[in-house]
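Please treat every number below as a calculation from the coordinates, not as lab data. Everything numeric in this text was worked out from a predicted model, so none of it was measured. Ideal geometry is used to build each Cβ from the backbone, glycine not excepted, and the neighbour counts take in all protein chains shown.
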Amino acid sequence: MLASRRRVRTSTRVRRASSSQRQPMSTKPRTATYDQRPGSISISSPMRLPCSASWDTARIGLIGGECTGKSTIAAMLAERLPGSVASEVLREFVATRGRVPRMDEQRQVMLDQVAREEALAVEVSSHSAGGRRVVIGDPAPAMTALYSDVYYGDDSLLGDAVQHAGCYDLVLWCRPDLPWVPDPGQRDGPEYRALVDERIGRFVRDHLAPAGIGVIELTGDVSARLTTAVAAFHARMAAASRAWQPPASAPAT
């Protein structure tokens, strides 16, 4: 995101989130209840964003600020697992229009990101010839909601972001301990990367964790991040397989 946006948040300390509470995916609409600080307001609302689920399609969502290796990890996971990547709508928006989205355009960007990921999930599921397919959101739509909050002070998309995060089998948080690489027109600077990372930390702590959505943090060099991500994915799939119960057979007649 570009530095022309207004910075509206201050830094607070974050803590790591546990993935132990993550439950297997469901095809039913989810309802997320979580604290929204300040004021610890409890918000509960039905999911308004589409969330397809299929036994043969796993979903990974990537969150992280600018230049935290999201696209690199997404591409490497797509090759390793293998999988398909739903690329970033925001980057294309900026490249095409030469500007960042206005505050009133943020929701549409988020909806377009969701639609792109949903279309890919349907496509890979329909072409499945056995085995599990993987869809990787680069990034998860939650990043649009977080950018809107950080740069515009608009937290209206956070509820939808939490609910859509429940679609994922695995959420990976790319941390900013990688060297900063400038990308003129697309990136603000390392100070904004740190600001967004801090906001993600509060989002994980105050919203995702209370909703039972575990997050795996990726740190270190690219190789270490890939190792962590692949191990977390296989552990998650193994846990889901153990939890899954086949439907009861029809009684003989």
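Using amide H atoms built in the peptide plane, which far-off residues or other-chain residues are under 5 Å from R133 H to H?
T57, A58
Give me C51, C174 ranked fewest to most by other Cβ atoms within 10 Å of their Cβ, as a rough exposure proxy.
Values: C51 22, C174 26.
Final ranking by Cβ density, sparse to dense: C51, C174.
Would you order E117, E66, E191 from fewest to most other beta-carbon atoms within 10 Å of each residue's own beta-carbon? Walk me through the numbers before you get to the answer.
Working: E117 29, E66 20, E191 11.
If I rank by nearby Cβ atoms, fewest first, I get E191, E66, E117.
What is the gain in length, in nm to one decimal, between E79 and T96 on full extension, counting 0.36 nm per residue of separation less the C-alpha to C-alpha distance? Numbers along the way, then the final one.
Details: separation 17, 0.36 × 17 = 6.12 nm, distance 2.80 nm.
In short, 3.3 nm is gained.
Under the 0.36 nm per residue contour assumption, what length would be gained going from the current alpha-carbon distance of A119 and A238 to full extension? Kindly include the intermediate steps, with their values, before the conclusion.
On the way: separation 119, 0.36 × 119 = 42.84 nm, distance 2.60 nm.
Residue separation times 0.36 nm, minus the Cα-Cα distance, leaves 40.2 nm.
Taking Rh as the Kirkwood radius, which is the inverse of the mean 1/r over Cα pairs, what is the Rg/Rh value for the stretch 50-239? Please list the in-between numbers first.
Details: Rg = 15.6 Å, Rh = 16.7 Å.
Over the Cα atoms of the stretch 50-239, Rg/Rh equals 0.94.
Quick one: go through the stretch 78-114 and flag any residue whose amide nitrogen is under 17 Å from the point 7 Å out along the Cα-to-Cβ line of V230.
Under 17 Å, as judged by backbone N against the label point of V230, lie 78-84 of the stretch 78-114.
I need Y192, Y152 ordered by Cβ neighbour count within 10 Å, fewest first. It would help to have the intermediate numbers written out before the result.
Values: Y192 21, Y152 18.
Fewest-to-most ranking of Y192, Y152: Y152, Y192.
Roughly how many nanometres apart are two label points built 7 Å out from the Cα toward the Cβ at V222 and D155?
For V222 paired with D155, the spin-label model returns 3.7 nm.
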